[in-house]
Amino acid sequence: MADVTPALIKELRDQTGLGLMKCKAALVETNGDIEKAVEQLRKSGLASAEKRMGRDASEGSIFSYIHGNGKLGVMLRLNCETDFVAKTDDFKNLGKDICMHIAAMAPKWVSEEDIDQTELAKEKEIYSEQIKDKPENIIEKIVEGKIKKYKEENCLLDQGFVKDDSQTIDALIRGLIAKLGENIKVGSFSRMELAG
């Protein structure tokens, strides 16, 4: 068994932001292997984040972002469970990052549940019309794929994060839920832009 030193525990804590006891336990379990400990903590953290997703999040903050030229602005309501978490740098940085992402990517809705069903039906109709000469069973699959892409492009939580498109906004939020131990959710947002 590897020697789990305070320096090793501190290094893992600095990387993950988790408590000393969790970091020590992960290092003991992985025989002092930092990479394996990080992976294990991420897996257990994301699993526990899933459990937290249903909890009430009535605290939080309002964030804003004005783009350099002053012609584009975003307001975001980001909720969490306690005002203690709302005051953390991690939470504040998440709010700023999501505002910047909204400014850059212009989502229409927070999540799939918010999509206007009339608009979605119209999109399906347009896609079906574009490929009407194809066989019926093929049309359905193509339309399904186009609708999936439409949702990914227009739902904030499904979009690839503008600073790192290897993860979605949803994954970014879940990662912070795992780290902070509280539910976090996007309440609403508004993106305003002057034409011209």
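All of the numbers you see were taken from the coordinates with simple rules; none came from a lab. Model, not experiment: these values are computed from the prediction. For neighbour counting, all protein chains shown are included, and Cβ atoms are generated from backbone atoms with ideal geometry for every residue, glycine included.
Database remark: amide H of residue 187 closer than 5 angstrom to the amide H of 77, 78, 79 (H placed geometrically; neighbours at sequence offset of 5 or more, or on other chains; Pro and chain starts carry no H). Here the 3J(HN,Hα) profile of the range 105-118, calculated from phi with Karplus coefficients 6.51, -1.76 and 1.60 at θ = phi - 60°, is 9, 6, x, 8, 10, 6, 9, 4, 5, 8, 5, 5, 5, 5 Hz, Gly and Pro shown as x. In terms of Cα atoms, the Rg and Dmax of the range 61-126 work out to 15.2, 48 Å. With Rg/Rh (Cα atoms, Kirkwood Rh) in mind, check [x] 1.02; [y] 1.09; [z] 0.94 and report the label derived from this structure. For Rg/Rh (Cα atoms, Kirkwood Rh), the calculated option is [y]. In sequence order, the range 123-138 has phi-based couplings of 4, 4, 4, 4, 4, 5, 5, 5, 10, 4, 7, 7, x, 3, 5, 6 Hz under the Karplus curve 6.51 cos²θ - 1.76 cosθ + 1.60, θ = phi - 60°, and Gly or Pro positions carry x.
Per 0.36 nm of contour for each residue apart, how much would the distance between residue 89 and residue 7 grow if the chain were fully extended, relative to their Cα-Cα spacing? Show your work: numbers first, answer last.
On the way: separation 82, 0.36 × 82 = 29.52 nm, distance 2.39 nm.
Taking residue 89 through residue 7 to full extension adds about 27.1 nm, to one decimal.
Stretched out straight at 0.36 nm per residue, the stretch from residue 118 to residue 134 would grow longer than its current Cα-Cα span by 3.3 nm. For the range 76-84, 3J(HN,Hα) computed residue by residue from phi via the Karplus equation (6.51, -1.76, 1.60; θ = phi - 60°) reads 9, 9, 10, 9, 9, 7, 9, 6, 4 Hz, glycine and proline entered as x. Here the dipole of the chain is about 340 debye; that uses its Cα centre as origin and unit charges on the Cβ of Lys and Arg (positive) and Asp and Glu (negative). Looking only at 79, 183, 69, which one moves most when the chain is put into a Gaussian network model with springs between Cα atoms under 10 Å? Between 79, 183, 69, it is 69 that shows the largest mean-square fluctuation. For residue 162, the amide hydrogen comes within under 5 Å of no other amide hydrogen, counting only partners 5 or more places away or on other chains and with H modelled in the peptide plane. For the range 89-186, trypsin sites (Lys or Arg not before Pro) are listed when DSSP marks them as loop and at most 12 other Cβ atoms sit within 10 Å of their Cβ; the list is 132, 163.
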